1. Taking the options ARG28, ARG7, ARG66, name whichever one is more than 27 Å from PRO81 (Cβ to Cβ) and part of a helix (DSSP H, G or I).
2. Out of the range 35-50, which residues are in contact with a helix residue (DSSP H, G or I) (Cβ under 8 Å, 6 or more places away or on another chain) and under 17 Å from TRP71 (Cα atoms)?
3. If you go through the range 94-118, how many residues are surrounded by 12 or more Cβ atoms within 10 Å (Cβ to Cβ) and in a helix (DSSP H, G or I)?
4. Right, THR18: under 20 Å from LEU102 (Cα atoms), of a type in the set (S, T, N, Q) and out of contact with any Ser or Thr (no Cβ under 9 Å at 6 or more places or on another chain) or not?
5. Could you list all residues from the range 38-62 that are over 11 Å from CYS86 (Cα atoms) and among the aliphatic types (A, V, I, L, M)?
6. Go through (1) modelled with pLDDT of 90 or more; (2) over 11 Å from the mean Cα position of the chain (by Cα); (3) small (Gly, Ala, Ser) and name the single condition ALA80 misses.
7. Is there a residue being within 20 Å of PHE22 (Cα to Cα), touching a residue at least 24 places away in the same chain (Cβ under 8 Å) and surrounded by 14 or more Cβ atoms within 10 Å (Cβ to Cβ) anywhere in the range 65-78?
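The values are calculated or read from the model by the stated rules, or taken from the named source; none is laboratory data. Quantities reported herein were computed from a predicted structural model and do not represent experimental measurements. For neighbour counting, all protein chains shown are included, and Cβ atoms are generated from backbone atoms with ideal geometry for every residue, glycine included.
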Amino acid sequence: MSGDIDRAIADFLRTSHTCLLFVHREIRRLEDTAGGLASAYGWPCLAVGRELGDGLLGEQPQRRSRAARRWTSARLGEMAPGPVLCTGIDLLFEPTLSLDPLCLLRDAGRTTRLTLDQ
């Protein structure tokens, strides 16, 4: 991991910040970072897109937004106190779900510390 990432993680761990978001245009780089964090810190990983997608398959389209909000809150709550490394969060940005992903993650971060790898 780079010095910038190491500093960001150190700040995250010593403060009361509830969420740390990693963003990069190269998905492979994010995947490598997520793997490194999981190995170095032993943080559990939650593949948000995969698990949420599976959960939404059985929902009627008009109920998917509510189901996504419930799932996110419940699933991350199960993993409290964290930190939890959330990967593949792009499904939360799907326009048909009408979610506010950053608000949703901020709210979940109040009970479970999150590291997000988009």
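1. Values: ARG7 fails: more than 27 Å from PRO81 (Cβ to Cβ); ARG66 fails: more than 27 Å from PRO81 (Cβ to Cβ).
On inspection, the qualifying residue turns out to be ARG28.
2. CYS45, LEU46, VAL48, GLY49, listed by residue number.
3. Result for the range 94-118: 9.
4. On the way: under 20 Å from LEU102 (Cα atoms): yes; of a type in the set (S, T, N, Q): yes; out of contact with any Ser or Thr (no Cβ under 9 Å at 6 or more places or on another chain): no.
No, not satisfied.
5. ALA40, LEU52, LEU56, LEU57
6. Tallying (1) modelled with pLDDT of 90 or more; (2) over 11 Å from the mean Cα position of the chain (by Cα); (3) small (Gly, Ala, Ser), ALA80 fails exactly one: (1).
7. Of the range 65-78, the ones within 20 Å of PHE22 (Cα to Cα) are 72, 76.
Subset that is touching a residue at least 24 places away in the same chain (Cβ under 8 Å): 72, 76.
If we keep only those that are surrounded by 14 or more Cβ atoms within 10 Å (Cβ to Cβ) as well, we get 72, 76.
Looking through the range 65-78, at least one residue is within 20 Å of PHE22 (Cα to Cα), touching a residue at least 24 places away in the same chain (Cβ under 8 Å) and surrounded by 14 or more Cβ atoms within 10 Å (Cβ to Cβ).
Conditions (1) on the phi > 0 side of the Ramachandran plot; (2) exposed (fewer than 12 other Cβ atoms within 10 Å of the Cβ); (3) at pLDDT below 85, marked per residue:
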| site | (1), (2), (3) |
| --- | --- |
| HIS17 | no, no, yes |
| VAL23 | no, yes, yes |
| ARG28 | no, yes, no |
| LEU37 | no, no, no |
| TYR41 | no, no, no |
